[in-house]
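The values are calculated or read from the model by the stated rules, or taken from the named source; none is laboratory data. None of the values given here were measured: they were computed from a predicted structure. Methodologically, a virtual Cβ is constructed for each residue, glycine included, from the backbone with ideal geometry; neighbour enumeration extends over all protein chains shown. Keep in mind that these areas ignore ligands, DNA and RNA; they rest on the heavy atoms of the full protein, side chains included. Shrake-Rupley method; radii C 1.70, N 1.55, O 1.52, S 1.80 Å.
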Amino acid sequence: MPLKAVILIGGPQKGTRFRPLSFEVPKPLFPVAGVPMVQHHIEACAKVPGMKEILLMGFYQPNEALSRFLVSAQQEFKVPIRYLQEYAALGTGGGIYHFRDQILSGGAEAFFVLNADVCSEFPLQEMLEFRQQHGDVHSFVILGTTANRTQALNYGCIVANAGTQEVQHYVEKPSTFVSEIINCGIYLFTPAIFQHIGEVFQRNQQELALEESSNGWQRAEVIRLEQDVFTALAGSGKLYVYKTDGFWSQIKSAGSAIYASRLYLNQYSKSHPERLAQNKPGGPVIRGNVYIHPTASIDSTAVLGPNVSIGEGVTVGAGVRVRESIVLHGASLHDHTCVLNTIVGWDSTIGRWARVEGTPSDPNPNDPYAKIDSETLFRDGRLTPSITILGCSVTIPAEVVILNSIVLPHKELSRSYKNQIIL
Amino acid sequence: MRALILVGGFGTRLRPLTLSRPKPLVEFCNKAVLLHQLEALRQAGVSHVVLAVSYMSDALEAAMREQEQRLGIRISMSHEKEPLGTAGPLALARDLLAEDGEPFFVLNSDVICEFPFAALARFHRQHGGEGSLVVTRVEEPAKYGVVVCEADTGRICRFVEKPRVFVSNKINAGLYIFNPGILQRIQLRPTSIEKEIFPAMAQDGQLYAMELQGFWMDIGQPKDFLTGMCMYLQALRAQHPEKLHSGPGVVGNVLVDPSAKIGANCVIGPNVTIGAGVVVEDGVRIKRCTVLEGARIRSHSWLESCIVGWSCSVGQWVRMENVTVLGEDVIVNDELYLNGANVLPHKSIAESVPEPRIIM
């Protein structure tokens, strides 16, 4: 069966919670477990038999980083990959509606839609099989997972028939408890979905025409799949949920990138054991899952892991300790530094004996259904302790401590900082 | 000559170190605080030292018997059943102090300086008054009680507690010499020598001040203990530079016991004291710290302004700063950050202490 996949990558106005890292690289290209965030999506899509084309959709201006990535991904995964640029932010439904002909060209009988800012096992094949099994091959499928009762309120909540898994009710971010089953932002559609989106489009147009003083920014083309389409489809017999027990998380804040890295690194032991660093004579000490780019230079007395990703051309000196961190390309960690729960930005330098440390924002490990909280930056007027982020080309002097802080790009620090945003 | 050292009570200000051993036996720059004083007294010709203690300790007794042997002097204990302040202990030890009719020294046990006992005795004999005290200059006199004295003779006119306008920059350094006649002034009851006895002596024109040359510090609290260490090591640099450690990775004034081991690629100093049997592993950075006997600092750690207690173990990649004090036998797990932590003995620390606090 000819299939396609659409990956919604958003645009520069989105992903502000990912600052200062999203200043340098579009968020979908931020490396998670050593590879760009969306590469995990692309890899999962490319594995599905019949995948004809993968479309990245968003409102980034075409840029070199994105083009280079598309070229290398096409070569690696042997599938056509294109970028479709929306002329404006059209919402999760508006974009695919606008490009419906592109999506269906080549006779696609079904297509996946995946949000770029999630990390998942992407059980796409299972979603196809599920659709086959429950009998109606023309139905739409949402990937769902279980959350705890409090956190479910932050997501799209799904009530489904216990036997058939047909969606009976859908509500986005309710204020009271509705269901523990939440929307993972990964869907399987048939071309028929465009009729339903089209209906929303018509209705929007009519409503806008009635409003005399339309304030200009409202467009009929802006359509949200969740609120506008799923809510209407619930109970109509066309929308189903496939529940997964596999790992899943949103990647909204920079802090969640470290958590997502951990989930993908765990998966590598099965999917990509070659990407995991091993303890070797003459090599650094590896604890748990660690990704090291082949061009990185690591002193044999360094101790790395668990959950560490070391990027291209990174230098790690003697007696360096890195745990629960992402070190981006070109960064340099001098002798005896200690880096914990931190994202070290591109080309940043950390002087010897400096300590750069953040506070992990991991989900409660005792609750199997807990998700990462998309934390607010400030609480009660104080910066919430979070992972430490060094923007690109930041210089940390020797022997200082940087704790729970966010350092914006191109800063040269001269002393210790705690619980601060350093502009 | 004789001397009385006001040792006093439990040394609570220097806890958690004084939970494990009496304050006079805590090593300051690799030598028990009391030994600094005993050795200086002996050098000035003192043959009998009385320790005024308000609690008895077998450890202190045993240590003093040993020092009697080593120094060839007599050491007596004068045990207060109730706290007698800073003057009462003189009355309690009256018989021992007045026995030979000679002037005797009295000193606070928390003071560290280049003890000028011989000069003090000469000064005392010259002016012929009943008592002499050593004064030291301070930068901010408003924090202390200051001594106002005649510039040429040193005769003390008065004492002013925490002066609001400048009257003097000299404070009582806690080192005295008295004629036995002072004992007539002191009753056997809790009495403050500074507040009750000295003002009366000054009024009678019987009290003189001699200014101290060089450094002085009351090391009764951890913060001041470290400051005093820096001063002491600087003085050592001037007088006995051969006693200081040198070599690759040693910066400034560093005192290392010969039995201590220091690994490769460390940078130690300035102002560090490393005690007997201490092991500092590779790649450690230490500045402005005292590491007491038997402690181990594991590789790649970073320590500034800390006192590491006896037999402690500080893990790899630990950062400790801001007057962190570890009591005896504390274990700090790998990769932790201790900022101003005060850790009681025999604790195992498994979590960082990002803000100063006491760990029970």
Discussion item. Give me the one-decimal nm value for the distance between modelled label points at B:Glu68 and B:Lys31, 7 Å along each residue's Cα-to-Cβ direction.
Written reply: 2.2 nm
Worksheet entry | Amide proton proximity set for B:Leu51, modelled H, under 5 Å, gap of 5+ | B:Ile5, B:Ser76, B:Met77, B:Ser78
Worksheet item: So who's got an amide H within less than 5 Å of the one on B:Arg357, skipping anything under 5 residues away but keeping other chains? H placed 1.01 Å off N, in plane.
Response: B:Ala341, B:Asn342
Worksheet item: Dividing the convex hull volume of the alpha carbon atoms of the protein assembly as shown by its residue count, what do you get in Å³ per residue?
Response: 208 Å³
Discussion item. What number do you get for segment B:173-264 when its Cα radius of gyration is normalised by 2.2 N^0.38 Å, N = residues?
Written reply: 1.67
Worksheet, complete the sentence: Taking GluC sites (Glu not before Pro) in a DSSP loop with at most 10 other Cβ atoms within 10 angstrom as exposed, one finds the longest site-free stretch of chain B at B:140-350
Fill in: Degrees between helix B:222-239 axis and first principal axis of chain B (Cα, 0 to 90, nearest 10)
80 degrees
Discussion item. Apply the a/c threshold of 1.5 to the C-alpha gyration tensor of segment A:281-422 and tell me whether it is rounded, prolate or oblate.
Written reply: oblate
Response to the item:
Residue by residue through segment A:29-43, the couplings from Karplus 6.51 cos²θ - 1.76 cosθ + 1.60 with θ = phi - 60°, in Hz, x for Gly and Pro, are 9, 5, x, 10, 6, x, 10, x, 2, 6, 5, 4, 5, 4, 4
Worksheet entry | Within segment A:166-261, GluC sites (Glu not before Pro) in DSSP loop having at most 14 other beta-carbon neighbours inside 10 Å | A:Glu211, A:Glu212
Discussion item. Running a GNM on chain A with Cα contacts under 10 Å, which residue among A:Asn115, A:Asn279, A:Asn161 ends up with the highest mean-square fluctuation?
Written reply: A:Asn279
Discussion item. What does the extension gain come out to for A:Gln202 and A:Glu76, with contour length at 0.36 nm per residue minus their alpha carbon separation?
Written reply: 41.3 nm
Item to complete: Using R₀ = 60 Å, calculate the FRET efficiency as 1/(1 + (r/R₀)^6) where r is the Cβ-Cβ separation of B:Arg125 and B:Ala350; round to 0.05.
Response: 0.50
Worksheet entry | Selected from B:Val280, B:Val308, B:Val160 as most flexible by GNM, with chain B as the system and alpha-carbon contacts under 10 Å | B:Val160
Item to complete: Taking the dipole about the Cα centre of the protein assembly as shown, with the C-beta of Lys and Arg at +1 and of Asp and Glu at -1, give me whichever of A:Val32, A:Gln168, B:Ser299 is farthest to the positive side.
Response: B:Ser299
Worksheet item: Hey, what do the phi angles of segment B:266-271 turn into as Karplus ³J(HN,Hα) couplings, whole Hz, using 6.51/-1.76/1.60 and θ = phi - 60°, x for Gly and Pro?
Response: 8, 10, 10, x, x, 6
Worksheet item: Residues with amide H under 5 Å of B:Glu335's amide H, sequence separation 5 or more or different chain, H placed in the peptide plane at 1.01 Å from N; which?
Response: B:Gln316, B:Trp317, B:Val318
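Rounded, prolate or oblate for segment B:276-360? Axes are the square roots of the Cα gyration tensor eigenvalues, ordered a ≥ b ≥ c, and the cut-off for rounded is a/c under 1.5.
Details: a/c = 1.41, a/b = 1.20, b/c = 1.18.
Rounded is the answer for segment B:276-360, as its axis ratio a/c remains below 1.5.
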Worksheet item: Across every pair of different alpha-carbon atoms, what Kirkwood hydrodynamic radius in Å does chain B reach?
Response: 21.4 Å
Practice prompt. Order A:Ser393, A:Ser414, most accessible first, counting only protein heavy atoms with a 1.4 angstrom probe.
Written response: A:Ser414, A:Ser393
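Per-residue ellipticity at 222 nm for chain A, helices alone: DSSP H runs ≥ 4 residues times -39500 (n - 2.57), over residue total, nearest 500 deg cm²/dmol?
Working: 7 runs with 84 residues, N = 423.
That comes out to -6000 deg cm²/dmol.
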Item to complete: State to the nearest 20 debye the size of the charge dipole of chain B about its Cα centre, where the only charges are +1 on K and R beta carbons and -1 on D and E beta carbons.
Response: 300 debye
Practice prompt. Could you pull out the chymotrypsin sites (Phe, Trp or Tyr not before Pro) across segment A:61-101 that fall in loop regions by DSSP (anything but H, G, I, E, B) with no more than 11 other Cβ atoms inside 10 Å?
Written response: A:Tyr87
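Quick one: of the DSSP bridges fully inside segment B:140-289, what percent are antiparallel, nearest 5?
45 percent
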Worksheet item: Counting only protein heavy atoms, what percent of the accessible surface of the protein assembly as shown is carbon or sulfur at a 1.4 Å probe?
Response: 49 percent
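Can you pull out the trypsin sites (Lys or Arg not before Pro) in segment A:75-120 that DSSP calls coil and that have at most 11 other Cβ atoms within 10 Å?
Sites meeting the loop and neighbour criteria: A:Lys78.
If you average over every viewing direction, what projected area does the convex hull of the Cα atoms of chain A give, in nm²?
Numbers: hull surface 86.1 nm².
Seen from a random direction, the Cα hull of chain A projects 21.5 nm² on average.
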Item to complete: Return the subset of A:Lys78/A:Lys173; A:Lys4/A:Lys280; A:Lys52/A:Lys270; A:Lys418/B:Lys170; A:Lys252/B:Lys347 for which the Cα-Cα distance in this structure is over 32 Å, preserving the input order.
Response: A:Lys78/A:Lys173; A:Lys4/A:Lys280; A:Lys418/B:Lys170; A:Lys252/B:Lys347
Practice prompt. Determine the dipole magnitude for segment B:237-356: charges of +1 sit on the beta-carbon of Lys and Arg, -1 on that of Asp and Glu, nothing else is charged, the reference point is the Cα centre, and the result goes in debye to the nearest 20.
Written response: 340 debye
Worksheet, complete the sentence: In a Gaussian network model of chain A with springs linking alpha carbons closer than 10 Å, the residue among A:Asn148, A:Asn289, A:Asn366 that fluctuates most is A:Asn366
Response to the item:
Treating only Lys and Arg (+1) and Asp and Glu (-1) as charged, each at its beta carbon, one finds that chain A has a dipole about its Cα centre, in Debye to the nearest 20, of 800 debye
Worksheet item: aspartates and glutamates within cross-link reach of B:Lys243: Cα-Cα under 13 Å, excluding same-chain residues under 8 positions apart?
Response: B:Asp257
Discussion item. One quarter of the convex hull surface, Cα atoms only: what value does that give for segment B:48-143 in nm²?
Written reply: 8.4 nm²
Fill in: Accessible heavy-atom area order of A:Lys238, A:Lys52, A:Lys47, highest first, probe of 1.4 Å
A:Lys47, A:Lys52, A:Lys238
Worksheet item: Measuring from label point to label point, each 7 Å out along Cα→Cβ, what is the B:Glu61 to A:Lys243 span in nm?
Response: 7.5 nm
Worksheet item: Label points 7 Å out from Cα along the Cβ direction at A:Asp367 and A:Gln85: separation in nm?
Response: 4.3 nm
Discussion item. Just to be sure I understand: if you take the accessible area of chain B alone plus chain A alone and subtract the pair, with a 1.4 Å probe, what total do you get in Å², rounded to 100?
Written reply: 1500 Å²
Discussion item. With unit charges on the beta carbons (Lys and Arg positive, Asp and Glu negative) and the dipole taken about the Cα centre of segment B:47-203, which residue among B:Phe159, B:Gly85, B:Ser57 sits farthest to the positive side?
Written reply: B:Phe159
Discussion item. Restricting to bridges with both residues inside the protein assembly as shown, how much of the DSSP beta-bridge set is antiparallel, in percent to the nearest 5?
Written reply: 25 percent
